[in-house]
Amino acid sequence: MRAALLEEYGEPLSIEDVDAPDPATDGVVVEMEACGICRSDWHGWQGDWDWVGAKPPKGHILGHEPAGRVTAVGEEVEHVSEGDQVAVPFNLGDGTCYECQHGRSNICENVVPLGFAEPAPGAFAEELHVPVADQNTVTLPDGVDAVDMAGLGCRFMTAFHGLAHRADVGGGDWVAIHGCGGVGLSAVHIADALGANVVAVDLTDEKLERARDLGADEVVNAADAENTPGEVQAAIGRGADVSVDALGIAETCRNSVLSLKRRGQHVQIGLTTQEEEGMVSVPTDLMTMQEIEFIGSFGMQPTRYDEIFRMVERGRLDPSRVVSETVALDDVSDRLEAMSDFETMGIPVINEFA
């Protein structure tokens with residue numbers, strides 16, 4: 001099968017013919033129909049995240065937002081059948097640890113990040129092996145387009161989990177989204193669907209206009225603002241109830257915290273770069289005195305995807321609106337390079353693998 005291999009960090013991926021996978025006894029093989037190209041792939045391509053054990057080794061296949069059709073099933077798999085159309089969450093759980101057994105497989109004690117760790121080659125390939133398939137696949141509703149669902153592997157469902165499960169977003173709340181890349185635009189759309197008012201923050205007018213299209217009530221161009229948190233609060237008339245760092249750099253993290261009202265909630269979705277190496281200073285005294293919460297959000301349990309599907313069925317959510325373009329496997333390196341200068345908007349999706 002054809003696959004895009006990481007040969008050198010920061011250099012174009014190498015399109016090679018490699019051995020196609022066979023299913024483990026608890027696994028399945030999925031023929032790729034679509035795979036999002038995420039900023040997390042950019043991090044892996046850059047060689048980030050060794051500080052959390054998620055730096056992909058050279059020779060690895062990246063890609064962690066897949067949707068496709070099951071073509072082979074291991075003999076121990078009970079709930080997935082050949083021909084099923086599935087999405088695959090990026091944080092693969094083992095199904096046996098304390099967190100998995102208590103419904104929190106997204107933070108499995110033995111989590112394997114798809115496309116980043118040697119045991120889990122990714123989805124920038126014609127076929128993908130999914131271990132512990134009963135745990136790590138989500139059957140898609142009939143009639144959906146795999147391209148529209150590709151973001152469910154990471155960005156869309158991570159934003160949904162952060163706003164719908166980890167934070168207390170309700171109707172009429174004000175939510176500030178710092179960074180309008182794929183996950184940020186997903187968060188704008190989801191917050192709007194949950195009945196919240198949204199302030200979108202970014203450095204480019206084009207992305208802010210896209211945020212308005214997806215439901216943002218107010219926008220702040222941080223490139224023009226001397227005090228971004230102050231601009232957010234001015235747009236609302238007070239601090240935000242919930243604020244999201246959807247990028248993962250020190251500035252957006254602090255801006256998000258400082259945008260909040262008393263007893264507000266900061267949600268950290270973006271992961272950091274080599275500059276921060278996972279460590280960002282935050283205004284701890286202010287957070288203490290104003291009882292501000294700092295909340296992490298990492299993926300989402302496959303058992304809760306039906307919440308998204310119900311909202312899609314009712315027309316309240318439409319993941320396809322965040323898809324910006326479709327490309328071929330051969331174009332992945334160009335899309336990753338564009339992310340270095342923040343030139344992509346929304347979610348680019350691979351839909352040609354052969």
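Structural remarks
- Compared with the alpha-carbon gap, the fully stretched path from ASP205 to ASP331 is longer by 42.8 nm at 0.36 nm per residue.
- In the chain, helical runs assigned H by DSSP with n ≥ 4 each contribute -39500 (n - 2.57); averaged across all residues and rounded to the nearest 500, the mean residue ellipticity at 222 nm is -6500 deg cm²/dmol.
- Between ARG212 and THR284, the modelled labels are 4.2 nm apart [label points 7 Å from Cα along Cα→Cβ].
- Trypsin sites (Lys or Arg not before Pro) restricted to DSSP loop in segment 54-120 with at most 16 other C-beta within 10 Å: LYS58, ARG104
- Among 181-194, 213-226, 281-294, 74-87, the order from most to least packed when residues are scored by Cβ within 10 Å on average: 181-194, 213-226, 74-87, 281-294
- Segment 119-151 and segment 190-205 have Cα centres lying 28 Å from one another.
- Remark on segment 219-354: hydrodynamic radius 17.6 angstrom, per the Kirkwood mean of 1/r across alpha carbon pairs.
- For a label point 7 Å along the Cα-to-beta-carbon line of ALA225, residues of segment 251-267 with backbone N under 12 Å: 252-260
- Equivalent ellipsoid semi-axes - Cα gyration tensor, the chain, angstrom: 33, 21, 19
- Restricting the calculation to Cα atoms, every distinct pair contributes to the Kirkwood radius of segment 156-296, found to be 14.4 Å.
- Largest-first ellipsoid semi-axes for segment 85-199, taking √(5λ) over the Cα gyration tensor eigenvalues, angstrom: 27, 17, 13
- For GLN268, neighbours were defined as the other residues whose beta-carbon sits under 14 Å from its Cβ, and their charges (Lys and Arg +1, Asp and Glu -1) total -2.
Just so you know, all these numbers are worked out from the coordinates, no wet-lab data involved. The shown structure was predicted, so the numbers you read here are calculated from the model rather than taken from an experiment. Quick reminder, even Gly has a Cβ in these numbers, built from the backbone with ideal geometry, and neighbours come from all protein chains shown.
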